[in-house]
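Before any comments, here is the structure.
FYI, it's all coordinate maths here, none of it is from the lab. If you're wondering where the values come from, they're calculated on a predicted model, not measured in any experiment. Here the Cβ positions follow ideal geometry from the backbone for every residue, glycine too, while neighbour counts run over all protein chains shown.
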Amino acid sequence: AYYYELCTYIYQARNLLSMDHDSFSDPYAQIGFINQSQRTETIQKTLCPTWDQGNFITVKLYEEPDEIHHDPPNILIELFDKDQYVFKKQSSRIL
């Protein structure tokens, strides 16, 4: 088995969809890698959040390094709106 560390840096998002009744969103980003995930802090009442936040995800993989190099795992970045009662998925992208 081999251990790998994914370092991510989420700076900002722009022109998000309004998900709250007050025409804003309370966005946060969630980064998924293999069976691990990390998330940014929630930025209140904005459509253009700036997180300026780094995250680290450590995973254990059993494939050989050459196999991982030729077919790396997907990284999933999702943006969500957080309000008092419900978590709404806004958009997602697999890198």
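Computed over Cα pairs, the Kirkwood radius of the chain leads via Stokes-Einstein (0.890 mPa s, 25 °C) to a diffusion coefficient of 168 µm² per second. Amide H contacts of Lys82 (H built 1.01 Å from N, in plane; Pro and chain starts excluded): Asp26, Tyr28 sit under 5 Å, all sequence-distant by 5 or more or on other chains. Couplings 3J(HN,Hα) for the range 58-75, derived from phi with the Karplus relation 6.51 cos²θ - 1.76 cosθ + 1.60 (θ = phi - 60°), are 9, 10, 10, 10, 9, 6, 6, x, 5, 5, 5, 4, 7, 9, x, x, 6, 10 Hz, where x marks Gly and Pro.
Divide by every residue of the chain the summed helix terms, -39500 (n - 2.57) for each DSSP H run of at least 4, and state the resulting mean residue ellipticity at 222 nm, rounded to the nearest 500 deg cm²/dmol. Numbers along the way, then the final one.
Values: 1 runs with 6 residues, N = 95.
The per-residue figure over the chain is -1500 deg cm²/dmol.
When the charge dipole of the chain is built from unit charges on Cβ atoms (+1 for Lys and Arg, -1 for Asp and Glu) and taken about the Cα centre, the candidate among Gln30, Ile68, Asn55 whose Cα reaches farthest toward its positive end is Gln30. Residue ranges 64-75, 19-30, 44-55 sort as 19-30, 44-55, 64-75 when ordered by packing (mean number of other C-beta atoms within 10 Å per residue, highest first).
The residues neighbouring Pro49, those whose beta-carbon lies less than 11 Å from its own, together hold a net charge of -2 under the Lys/Arg +1, Asp/Glu -1 convention.
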